[in-house]
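Chemist: Please see the structure below; I have some questions.
Derivation of every value follows stated rules applied to the coordinates shown; laboratory data play no part. The model shown is predicted, which means the values in this text are computed figures rather than measured ones. For neighbour counting, all protein chains shown are included, and Cβ atoms are generated from backbone atoms with ideal geometry for every residue, glycine included.
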Amino acid sequence: MDARVQLLLDKDEIRELAFLYAHRIVAHDWRGMSNLFTEDGILDYSDVATFARPAKATQAQRDAGSTLVFVGRAAICDFVPAIGRLDVKVFFTNHLIRVNGNDAVGIAFFDNRVTQQGESVIGAGRMFDEYKKVDGRWLFSYRRQELFYFTGLKEGWAEGADRHRQPAPIAKRGWEDDFLQGWS
C-alpha cells in the first residue's frame, strides 16, 4: 500500500479513537473506554484539580488527591465512573495528528456540557495524546486534559472565575511545544 494512503488511514483511525472515547463517556461504557488505552496507558486529569470548584468535586476526585493521574486500564476503569456522575457530553474538534510508524501524537480541542449537582456547567480545553498501534489497532498510550474553563452556565464563561485562568503547570512529555510550531 502506498505510504501516503497508509498515513491517511492511520490518521482516520486515530480520529475515530478520540470520537469513540466521547461516545463511550456518553454511554457510560467505562470498560469500553478503558479498553481504548494500551494495557499500561495513562489518563491524566490532573488539571481538573486546579479549578475553583473543589466543593463540587466527586468523592473519587477527592480520594485521588490533586494528581488525578491513572495508570493502566484497571485504574482508568475504576476512575471514569466519576465522570459519569457528572453526566458529561463531550465534543472533540480540531484534531491534529503526527504519525511516526507505530507511534503518533496529537492534540484535539473539546467542548463539554456537564450536569453537576443539578447545575448546568460548560467547559472547554484540549487533549494532548500519545498513541500506539498494538496488534494493528491504534490505542491511547497517554491522554492529558488541559482545561481552558469550567464554569456554571448561569455564570457563563465570559464572567466566570476561570475566564483568565492559565493552564496548570503540568509536566510535559517533550513533544507538545514543538508540535504546532512544526506545521508549515
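Chemist: Please enumerate the residues belonging to segment 108-158 that are within 30 Å of L7 (Cα to Cα) and among the basic types (K, R).
Modeler: Those that are within 30 Å of L7 (Cα to Cα) and among the basic types (K, R): R126, K132, K133, R137, R143, R144.
Chemist: In segment 69-122, which strands (runs of 3 or more DSSP E) lie fully inside it and hold 1 or more residues that are exposed (fewer than 14 other Cβ atoms within 10 Å of the Cβ) and aromatic (F, W, Y)?
Modeler: Those strands (runs of 3 or more DSSP E) span 89-100.
Chemist: Output the residues belonging to segment 108-141 that are over 26 Å from D87 (Cβ atoms) and not acidic (D, E).
Modeler: Selection gives Y131, K132, K133, V134, G136, R137, W138, L139, S141.
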